[in-house]
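Novice: One structure is given below, represented as structure tokens, and several questions about it will come after.
The values are calculated or read from the model by the stated rules, or taken from the named source; none is laboratory data. The structure presented is a predicted model; accordingly, all values stated were derived computationally and were not measured. Quick reminder, even Gly has a Cβ in these numbers, built from the backbone with ideal geometry, and neighbours come from all protein chains shown.
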Amino acid sequence: MGRGAQAQTQQLIDQQLSQTNAMNQQLSSSIQALGSQASAGYQNLLANPGYSQAQQSAITNLSQSALSSSFDALAQNASNRAARTNNSAGYGDLEHSHELCSALDVKKGAFDKIVSAQ
């Protein structure tokens with residue numbers, strides 16, 4: 001390899017090294033910035049754990065509403081079937097059906113109290 005080719009090769013190596021160092025510097029800066037953002041986010045989570053009172057209330061209300069709707073729909077469906085067929089179909093006589101619905105209402109009320117206490 002002649003002196004000219006050797007100097008040119010060294011210049012290309014130096015140029016590549018300079019570009020690599022610049023890119024590494026940019027990556028290092030980006031990593032530090034992301035680390036700072038993550039650190040701030042973690043500190044916020046530690047300072048404010050869990051749901052706020054408003055969020056807890058909204059979650060509870062939505063859960064109660066969904067459960068209440070399901071219970072009411074099932075009770076209405078059973079009532080409609082018994083009325084349509086004039087047969088309680090396993091729910092016993094009409095008096096027993098009222099007792100069953102009353103028992104389910106009591107259980108639903110107890111569940112509502114537990115959920116609202118949370």
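Novice: Any idea which residue in the range 73-98 is surrounded by the fewest Cβ atoms within 10 Å (Cβ to Cβ), counting only those that are at pLDDT 75 or above and of a type in the set (Ser, Thr, Tyr)?
Specialist: So the residue we want is Thr85.
Novice: Which one of these is of a type in the set (Phe, Trp, Tyr) and in a helix (DSSP H, G or I): Tyr42, Tyr51?
Specialist: Criteria check complete, one pass: Tyr42.
Novice: In the list Ser57, Ser52, Ser70, which residue meets the criterion of being at pLDDT 80 or above and surrounded by 10 or more Cβ atoms within 10 Å (Cβ to Cβ)? Explain how you work it out, then say what you get.
Specialist: On the way: Ser52 fails: surrounded by 10 or more Cβ atoms within 10 Å (Cβ to Cβ); Ser70 fails: at pLDDT 80 or above.
Among Ser57, Ser52, Ser70, only Ser57 is at pLDDT 80 or above and surrounded by 10 or more Cβ atoms within 10 Å (Cβ to Cβ).
Novice: Something else: Scan the range 1-49 for residues that are charged (D, E, K, R) and at pLDDT 90 or above and jot them down.
Specialist: First, pick out the residues of the range 1-49 that are charged (D, E, K, R): 3, 14.
Asp14, the sole residue that qualifies.
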